[in-house]
Amino acid sequence: MLGRYLLGYLPVQAAQGLVGFGSVAVFTRLMAPEDYGSYALALAAMSLTHILIFTWLEAAVARFHARAERRGRMREHLMTAYAVYALIALVAGTALIGLVQILPLDERLKTALSFAVVALLLRAAMQIGMETHRAQGDVRRFSALEASYLMLGFMIGVGLILTTDLGAAGIFIGLAVAAGVMLVFDLPVMLNRSRGGKRQSVRVAAYAAYGLPVTLSLIFEHLLSVGDRFLIAGFLGQGAVGMYAAGYGLADRLLDIIFIWFGAAVWPMTIRALEQDGKAAAQAVAGQAAGLMGLIAFPAAAGLALVAQPLTSVLVGEALREEAARILPWIALSGLMNGMMTYYFHEAFTLTRRTGVMAAIMSASAILNLGLNLVFIPAFGLTGAALATVLVYALALVVCVVTGRRHFALPLPWAEWIKAGSATAIMAAAVLAVPGLPEAWQTLAAKALTGAVVYAISAYVFDIAGCRQWLRDARALIKPAGATT
């Protein structure tokens, strides 16, 4: 079951990968470091604003879906969610546009932020439907809409950068148009599902009680990821932000894609297991997912660190690549810890609706990160910002694991993680033995191929997370009817 869901979400992750790496490769070449820095700042502001205003509602839509479905209250559930969205969008959208206009910012950054607000509002409307599709296991519809949104937005953004002087604003226009197109197809379906339902204030109260601590946690968690960019801009300038964002984008984006992939498939299954079959069933689903996370995420993080130099030479513009390569290994390590914490260990709090505890941990972590950045950036530059992130994520992960087990004892598949770590170490030795080749892309290809082959063999030998059975199942699916062994 888990494997089928993971495969179903694969097109979205492929689109995420293409857009994630493509945006770094294309935007860093088409935009000056200052323009790329403006894009990074606007994107960070857009992400933080989305989390602050809408994420609590989206989290509640996902968390309470199974319960509403079991009780026959889906129309009320969706109608309440859309009514709350409409009110927030009207009030917050007006306030945000006005705020952007009065802030003492560079005009190009103002323009980018204005279109980012529009993209934000449309994406939030789309997200209610996306969370619903994901929660009910409609993988095909979710994947089709999300992958189309990502690819269409990216292509429109690139086209506007090439044909206009909009700069960073063109990227957000592309995202806004893509979200609007997806809404044309999906919103009528969702509104039909909510037709006849009544808006219920008691539901809003329940959504807020669950979702607002999630929002607070994610705000501080996001500040851990992007908050240092505002400090970098203050200490080192927007050009330095572009350098930092380029390296961060490569490492963090790939790992984020992997963990979001698992989260999209596993989180709805875990909730349904808990609501329908109880705690033991939810623990079984979570434990299987944790082993698979180690199988895939450990080598991915190590691989990024091992190929930092050739990877940035191939994908990042010349003006940004040196600093990007320097910080990429640190960001790979922090991305691994962040992913394990956010997409696995945070489940202990969300499943039991103890989201306030999760928020307290992440808020303390963000404050600590701010303090370390104020010391490390002036002393060590961009490397200091990356080092501060690693230290804070390590501490937050430990606290999250220890505290979370008091509420919901998530399985700790040490045997699978040790095997994945061992296979990753063997892979690292093989990659380090590959000599440098004349061209960066040749070195990258040789190291990546060597690492993939060596790790695949090691994983099979160690049978990490039961991967041998996965291969047998895959062969059975593609074996021609009537074939004999």
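The values are calculated or read from the model by the stated rules, or taken from the named source; none is laboratory data. A quick note: this is a predicted structure, and the numbers were derived from the prediction, not measured. Neighbour counts are summed over all protein chains in view; Cβ atoms, including those assigned to glycine, are modelled from backbone coordinates with ideal geometry. Surface areas here come from the heavy atoms of the whole protein model, side chains and all, with no ligands, DNA or RNA. Shrake-Rupley method; radii C 1.70, N 1.55, O 1.52, S 1.80 Å.
Using a Förster distance of 35 Å, how high is the FRET efficiency between W414 and R67, based on the Cβ-Cβ distance and rounded to 0.05?
It comes out at approximately 0.60.
Figure the gain on full extension for E318 and T94 (residue separation times 0.36 nm, minus the Cα-Cα span) and round it to one decimal in nm.
Roughly 76.7 nm would be gained on extension.
Have a look at L166, A425, M31 and report the one farthest towards the positive end of the charge dipole of the chain, computed about the Cα centre with Cβ charges (Lys/Arg +1, Asp/Glu -1).
A425
Take every Cα pair under 8 Å in segment 150-190 that's 6+ residues apart, average their separations, divide by the length, and report that relative contact order as a whole percent.
Reported relative contact order: 41 percent.
Put +1 on the Cβ of every Lys and Arg and -1 on every Asp and Glu Cβ in the chain; which of L255, A60, L41 then has its Cα farthest towards the positive end of the dipole?
Toward the positive end, the furthest listed residue is A60.
May I ask you to derive the FRET efficiency for Q469 and A360 from their Cβ-Cβ distance with R0 = 41 Å, giving the value to the nearest 0.05?
0.50
In nm, to one decimal, how far is the modelled label at F380 from the one at A284, with both set 7 Å along Cα→Cβ?
Rounded to a tenth, the inter-label distance reads 4.6 nm.
Which ³J(HN,Hα) values, rounded to whole Hz and listed in residue order, are derived for segment 156-163 from phi using the Karplus coefficients 6.51, -1.76 and 1.60 in 6.51 cos²θ - 1.76 cosθ + 1.60 with θ = phi - 60°, glycine and proline given as x?
5, x, 4, x, 5, 5, 6, 10
Between G197 and residues 5 or more places away or on another chain, which pairs have amide H atoms under 5 Å apart, with H built 1.01 Å from N, and which residues are they?
Residues meeting the amide H criterion: none.
Take L368 and R406, extend 7 Å from each Cα along the Cα→Cβ direction, and tell me the distance between the two endpoints in nm.
Simple spin-label model gives 1.6 nm for this pair.
Using the crude model of +1 on Lys and Arg Cβ and -1 on Asp and Glu Cβ, and no other charge, please compute the dipole size for the chain relative to its Cα centre, in debye to 20.
1820 debye
Give me the extension gain from A32 to M155: residue separation times 0.36 nm, minus the current Cα-Cα distance, reported in nm with one decimal.
This chain segment gains 42.3 nm when fully extended.
Take the alpha-carbon centre of segment 53-67, take the same for segment 152-217, and report the distance between them in whole Å.
14 Å
How large is ³J(HN,Hα), in whole Hz, for each residue of segment 126-140 in order, when computed from phi with the Karplus curve 6.51 cos²θ - 1.76 cosθ + 1.60 and θ = phi - 60°, using x for Gly and Pro?
5, 5, 4, x, 5, 5, 5, 4, 5, 5, 8, x, 7, 5, 4
Per residue of segment 167-176, what does 6.51 cos²θ - 1.76 cosθ + 1.60 with θ = phi - 60° give for ³J(HN,Hα)? Whole Hz please, x for Gly and Pro, Karplus curve as stated.
Taking θ as phi minus 60°, the curve returns x, 4, 4, x, 5, 6, 4, x, 5, 5 Hz for segment 167-176.
With all protein chains present, how much of the accessible area of the chain (probe radius 1.4 Å) comes from carbon and sulfur, to the nearest whole percent?
Carbon and sulfur: 67 percent of the exposed surface of the chain.
Could you give the accessible area per residue of segment 161-236, probe 1.4 Å, as a whole number in Å²?
For segment 161-236, the solvent-accessible area averages 46 Å² per residue.
Multiply the residue separation of R195 and L18 by 0.36 nm, subtract the distance between their alpha-carbon atoms, and state the gained length in nm to one decimal.
60.0 nm
Please name whichever of T403, A359, G371 sits farthest to the positive end of the charge dipole of segment 264-411, dipole taken about the Cα centre and charges placed at Cβ: Lys and Arg +1, Asp and Glu -1.
After comparing all options, I get T403.
For segment 351-429, what is the accessible area per residue in Å², given a 1.4 Å probe and the full set of protein chains?
Solvent-accessible surface per residue comes out at 43 Å².
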